[in-house]
1. Residues being out of contact with any Pro (no Cβ under 8 Å at 6 or more places or on another chain) and farther than 22 Å from Thr37 by Cβ: count how many of those fall in segment 77-101.
2. Being among the polar types (S, T, N, Q) and more than 13 Å from the chain's Cα centre (by Cα) is the filter; apply it to segment 4-62 and report the residue that is modelled with the highest pLDDT.
3. Would you check which residues across segment 33-73 are of a type in the set (D, E, K, R), assigned to a loop (DSSP other than H, G, I, E, B) and within 27 Å of Gly101 (Cβ to Cβ) and list them?
4. Scan segment 64-88 for residues that are more than 30 Å from Gly52 (Cβ to Cβ) and either of a type in the set (Val, Ile, Thr) or within 10 Å of the chain's Cα centre (by Cα) (or both) and jot them down.
5. Looking at segment 77-101, I want the residues that are surrounded by 14 or more Cβ atoms within 10 Å (Cβ to Cβ) and have a partner that is charged (D, E, K, R) and assigned to a loop (DSSP other than H, G, I, E, B) with Cβ atoms under 6 Å, at least 6 apart or on another chain. Which pairs are those?
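The values are calculated or read from the model by the stated rules, or taken from the named source; none is laboratory data. Given the structure is predicted, the values throughout are model-derived calculations rather than measurements. Here the Cβ is made from the backbone with ideal geometry for all residues, glycine too, and neighbour counts use every protein chain on show.
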Amino acid sequence: MEYTHLDAAIAGAANRFVTSVAMKVGAYTLANTTMPTARTARLVTCTRTVVGGADTAGTIVVVGKNLAGEAITDTLTPGANGILVTGTKWFASITSVTGVG
């Protein structure tokens, strides 16, 4: 197995996995499924942005693989408007992102 490194030092890419949309219950369309640098893993972040009124609050479940190719899941709970939330699992790739009520 080849492990490289966890890549937290590089600034996050906004909208890397899901383009900014209103929160919802259900699957989000993925814009990308891999990291911008090969053989690296990153923490997933989410910033809640409320536009023109309330949106569907809830949690976001991220499913993917770590550097060892093992399936992992992380749950993020977006905070108040404009607050950045960081997950706890290091993802090498993303399989799905789903909003849960």
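1. Residues in segment 77-101 being out of contact with any Pro (no Cβ under 8 Å at 6 or more places or on another chain) and farther than 22 Å from Thr37 by Cβ: 11 in total.
2. Looking at residues that are among the polar types (S, T, N, Q) and more than 13 Å from the chain's Cα centre (by Cα), I get Thr40.
3. Across segment 33-73, the qualifying residues are Arg48, Asp55.
4. Listed by number, the residues that qualify are Gly64, Ile72, Thr73, Thr88.
5. Pro78/Arg48; Gly99/Lys24
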